[in-house]
Amino acid sequence: MRQLIKQREVIVDEWRYADEDPVGRERALILPFARWKAEREQWWLWDGRLGVRIGPTDPIADLKNDFTRIGLVAVEFGGLAEGRGYSQAALLRSRYKFTGELRAVGKIQRDQLFYMARCGFDTFELPEGADLSVALTAFDDFSVAYQGAFDAAGVHVQRRTVAA
């Protein structure tokens, strides 16, 4: 079973990717964006839980009317230099008001987790073999933020103003 970090805890993943297992009604299933778009009407009728996996070039605005049906969006990161997923997460949370699970997947590393959480990710699927207990320590790397973000942590200037 695949393990991941969700809300700063290591858990067993209850979701499956559509290309991993045969589809069964009891499943929580993550579809590739292209498949969701092509078969959207069919999946609206399915009684299982649905998620969509998006790549860096997929237009997230195409999902905005489907969030009542989609409970998870998995954002693909192709490597350390790939930053579009951060923007996609921020837009999903702020502009489109997505309140479901927002999962970072792909080639992600411990050093990115703090920043991903600030953009709105709450779940992290690290590559196979990653030490999740070590990865959990990433959320405590910094105690003060100097820029505003999705998370509730006040930025340094705001803290100074309140304290004065």
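The values are calculated or read from the model by the stated rules, or taken from the named source; none is laboratory data. Here the structure is a predicted model, which is why all the values come from computation and not from measurement. Quick reminder, even Gly has a Cβ in these numbers, built from the backbone with ideal geometry, and neighbours come from all protein chains shown.
Observations on the model:
- Those residues of the range 77-97 which are within 18 Å of P32 (Cα to Cα) and either among the aromatic types (F, W, Y) or in contact with a Pro (Cβ under 7 Å, 6 or more places away or on another chain) (or both), in sequence order: F77, G78, R84, G85
- Any hit, the range 53-66, residues being aliphatic (A, V, I, L, M), under 17 Å from the mean Cα position of the chain (by Cα) and assigned to a strand (DSSP E or B): yes
- Any chance F124 is crowded, with 19+ Cβ neighbours inside 10 Å, among the aromatic types (F, W, Y) and in contact with a Gly (Cβ under 8 Å, 6 or more places away or on another chain): no
A quick yes/no check of all residues on (1) among the charged types (D, E, K, R); (2) buried (at least 20 other Cβ atoms within 10 Å of the Cβ); (3) modelled with pLDDT of 90 or more:
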{"position": "V10", "(1), (2), (3)": "no, no, yes"}
{"position": "D19", "(1), (2), (3)": "yes, no, no"}
{"position": "R27", "(1), (2), (3)": "yes, no, no"}
{"position": "V52", "(1), (2), (3)": "no, yes, yes"}
{"position": "V75", "(1), (2), (3)": "no, yes, yes"}
{"position": "L113", "(1), (2), (3)": "no, yes, yes"}
{"position": "A117", "(1), (2), (3)": "no, yes, yes"}
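- The range 77-111, residues that are in contact (Cβ under 8 Å) with a residue 60 or more places away in the chain and surrounded by 20 or more Cβ atoms within 10 Å (Cβ to Cβ): A89, R103
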